[in-house]
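Engineer: Attaching a single structure in structure tokens format; questions to follow.
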Amino acid sequence: MTTVNQILQRTTRKVVTISAKASVYQALELMMIADIGALPVIENDVLVGIFSERDYARKCILKGKKSSDTLVADLMSTTVVTVKPEQKNRRLYAVYDYSSYSSPSCDRWQ
């Protein structure tokens with residue numbers, strides 16, 4: 001069975017991250033440029049959350065907040081389910097079903 005690391009080695013994308021102190025507008029702009037739907041939120045080289053289009057829609061747009069005046073920290077999801085690179089892809093599918101959206105692979109941010 002394939003490991004998560006083997007899957008990641010086939011991709012050419014660099015991991016794009018953002019600071020919790022960034023504005024939601026900056027996060028949206030970064031996601032648009034990178035053509036992704038979620039960003040790991042990193043502070044002092046530690047994974048502190050994940051910010052997604054879903055967070056933006058539910059916690060910003062629907063609550064009437066302005067993306068330029070709102071910080072990523074205010075909207076990000078802080079419960080992040082991760083997988084280790086050596087785990088088999090079956091575990092990745094289970095995590096994806098659980099998290100329903102984005103599950104970063106982590107060996108760096110524990």
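Engineer: Using label points projected 7 Å from each Cα along Cα→Cβ, tell me how many nm separate ARG54 and THR11, to one decimal.
Structural biologist: With each label placed 7 Å out from Cα toward Cβ, I get 1.6 nm.
Engineer: Still on this structure, please answer the following. Please report the equivalent ellipsoid semi-axes of segment 4-99, computed as sqrt(5 x eigenvalue) of the Cα gyration tensor, largest first, in whole Å.
Structural biologist: Semi-axes, largest first: 26, 14, 12 Å.
Engineer: A further question on this structure: Across segment 4-99, how many lysine pairs, 8 or more positions apart or on different chains, have C-alpha atoms separated by under 27 Å? Please give the number.
Structural biologist: Lysine pairs meeting both conditions in segment 4-99 amount to 7.
Engineer: Where the centroid of each part is defined by its Cα atoms, how far is segment 68-82 from segment 1-49 in Å?
Structural biologist: Centre-to-centre (Cα) distance: 13 Å.
Only the coordinates and a few stated rules stand behind these numbers; no lab work does. What you see is a predicted model, and the numbers here were worked out from it, not measured in a lab. Note: ideal-geometry Cβ built from the backbone for every residue, glycine included; neighbour counts use all protein chains shown.
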